[in-house]
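Note sheet for the following structure.
Please treat every number below as a calculation from the coordinates, not as lab data. On a predicted model such as this, the values are computed, not experimentally measured, just so you know. Ideal geometry is used to build each Cβ from the backbone, glycine not excepted, and the neighbour counts take in all protein chains shown.
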């Protein structure tokens, strides 16, 4: 296991993961969105923002495969909206 130091000098164990470098070309407005998301979330790198987005996208797919709907509701729980499926995959469950 690799050891990574956190900001406070603590050690954090992290499993070694094989990495593959990918390169993407983004339009400037998309880069601006990534930069804004990095700032809002405190993510130090644009690659980290993309990794987090991939995690969310993967979760959405898995939920939809199980026939679940992704909903958004206001703080009072009164106004609800369903996320319009962004996926070509439609659950047959």
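Report, by residue number, each residue of the range 22-36 that is assigned to a helix (DSSP H, G or I) and more than 14 Å from residue 48 (Cα to Cα). Hits for the range 22-36 are 28, 29, 30, 32. Scanning the range 51-71 for residues that are in contact (Cβ under 8 Å) with a residue 24 or more places away in the chain and either under 21 Å from residue 28 (Cβ atoms) or outside any helix (DSSP H, G or I) (or both) yields a count of 2. Only residues that are touching a helix residue (DSSP H, G or I) at 6+ places or on another chain (Cβ under 6 Å) and under 24 Å from residue 84 (Cα atoms) were counted in the range 13-61, giving 3.
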